[in-house]
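Data block below; observations after.
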Amino acid sequence: QCRLSGLWRNEQDSLMEISALRDNGDFQGKYLTRVTLSDGCAHISPLKGIQQQPGEGGWPTFAFTVRWDKFSNATTAFAGQCFVDSGGKETLTTMWLLREAVGSLKEDWKATR
């Protein structure tokens, strides 16, 4: 069984800490990004999410959002799944969408990546 709570590090050396999951799958935590730095230091951003409760022997899927309001007017939504390999190593795989605020509807085309 994959445990989503705990400390995670990605390929860009960013850190994510997920607090203990509630019985209904809700969780919250913190994200420390190394990708976007402001004033030479990284900032901690809040995250909130939910995990789909897996069936017996299943790998849980999950989704969460991170609000980057300390240094950017943007929000990122992540969706993914947790896996455990034969050696017991847990891995999260995710896809993400980042939405930045723009000043007008005409600029909407460049707001999401």
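The values are calculated or read from the model by the stated rules, or taken from the named source; none is laboratory data. On a predicted model such as this, the values are computed, not experimentally measured, just so you know. Every residue, glycine as well, gets a Cβ built from its backbone with ideal geometry; the counts of neighbours run over all protein chains shown.
Observations
- Residue, farthest from Leu7 (Cα to Cα), within the range 80-113, restricted to residues that are of a type in the set (Ser, Thr, Tyr) and not in a strand (DSSP E or B): Ser104
- Scanning the range 1-26 for residues that are acidic (Asp, Glu) and either assigned to a loop (DSSP other than H, G, I, E, B) or surrounded by 15 or more Cβ atoms within 10 Å (Cβ to Cβ) (or both) yields Glu11, Asp13, Glu17, Asp23.
- Being part of a strand (DSSP E or B), free of Cβ contacts under 8 Å to residues at least 60 places away in the same chain, aliphatic (A, V, I, L, M) and touching a Leu at 6+ places or on another chain (Cβ under 6 Å) holds for only one residue in Ala77, Ala63, and it is Ala77.
- For Phe71, the requirement of being of a type outside the set (D, E, K, R), at pLDDT 90 or above and surrounded by 15 or more Cβ atoms within 10 Å (Cβ to Cβ) is not met.
Listed here are the residues, each with its yes/no results for (1) polar (S, T, N, Q); (2) on the phi > 0 side of the Ramachandran plot; (3) at pLDDT 90 or above.
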residue	(1), (2), (3)
Gln52	yes, no, no
Trp59	no, no, no
Thr94	yes, no, yes
Leu98	no, no, yes
